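Q: Pasting a structure below so you can have a look.
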């Protein structure tokens with residue numbers, strides 16, 4: 001089978017919501033290869049604690065690639081304790097310029113409870129508008145749903161869970177088996 005014929009790993013949805021002093025990162029558990037669900041209970045949201053500094057990260061894309069990036073992020077955080085933005089920018093620079101890292105296919109959402117970023121292989125470190133970030137195949141659905149709920153009385157966790165449920169109803173590469181991590185509130 002040629003690389004161009006390989007159906008490719010698809011899907012996941014990760015959302016980060018900041019509201020009321022709390023930041024929640026939620027991710028679904030589905031891993032698909034082509035049109036086949038390979039696993040329904042993958043854990044794509046992780047808590048990192050380099051040097052006692054609490055960071056939550058969620059990833060979309062290749063799992064092995066994401067783990068490589070999470071390890072690199074953890075090292076950057078150890079080198080710059082308490083400075084998520086600096087560690088994220090350093091990771092994005094490495095990702096863009098290192099020939100090995102350039103081949104990695106994943107995206108990250110990271111937060112320390114104060115800051116919320118999307119990190120991409122294009123060298124981007126994006127702070128989302130409206131306190132909502134979403135990535136992955138169902139990311140746009142979750143993003144739209146969460147933004148519509150931000151002005152309601154719902155807390156960050158409820159918004160994240162409800163937005164993920166909507167994404168799972170629409171995106172065939174997203175399921176309702178969630179991993180949820182929160183910081184603050």
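We did not get these values from a lab; they are worked out from the coordinates using the rules stated. Everything quoted here is computed from the prediction, not taken from an experiment. When we count neighbours, we look across all protein chains shown, and the Cβ atoms used for this are built from the backbone with ideal geometry, even at glycine.
Q: Can you give the alpha-carbon Rg of segment 130-175 over 2.2 N^0.38 Å, where N counts its residues? Show your work: numbers first, answer last.
A: Values: Rg = 9.8 Å, N = 46, 2.2 N^0.38 = 9.4 Å.
Dividing the Cα Rg of segment 130-175 by 2.2 N^0.38 Å gives 1.04.
Q: Across the Cα atoms of segment 8-100, what radius of gyration and what greatest pairwise Cα-Cα distance (Dmax) are found, in Å?
A: Looking at segment 8-100, its Cα Rg and Dmax stand at 14.6, 42 Å.
Q: Would you mind giving the three semi-axes, in whole Å and largest first, of the ellipsoid equivalent to segment 65-125 according to its Cα gyration tensor?
A: Working: eigenvalues 63, 27, 20 Å².
Computed over segment 65-125, the values are 18, 12, 10 Å.
Q: Another question, then. Calculate the all-directions average of the projected area of segment 100-185's alpha-carbon convex hull, and give it in nm².
A: Working: hull surface 25.6 nm².
Mean orientational projected area (segment 100-185, Cα hull): 6.4 nm².
Q: Enter the per residue convex hull volume of the chain, computed from alpha-carbon coordinates, in Å³ rounded to the nearest integer.
A: Dividing the Cα hull volume of the chain by its residues yields 106 Å³.
Q: Of the candidates 26, 87, 160, which one comes out as most mobile in a Gaussian network treatment of the chain with C-alpha springs shorter than 10 Å?
A: 87
Q: Here is a further query. Going by how many other Cβ atoms sit within 10 Å of their own, how do 76, 93, 154 line up, fewest first? Walk me through the intermediate numbers first.
A: Working: 76 21, 93 14, 154 18.
Ranking 76, 93, 154 by Cβ neighbours within 10 Å, fewest first, gives 93, 154, 76.
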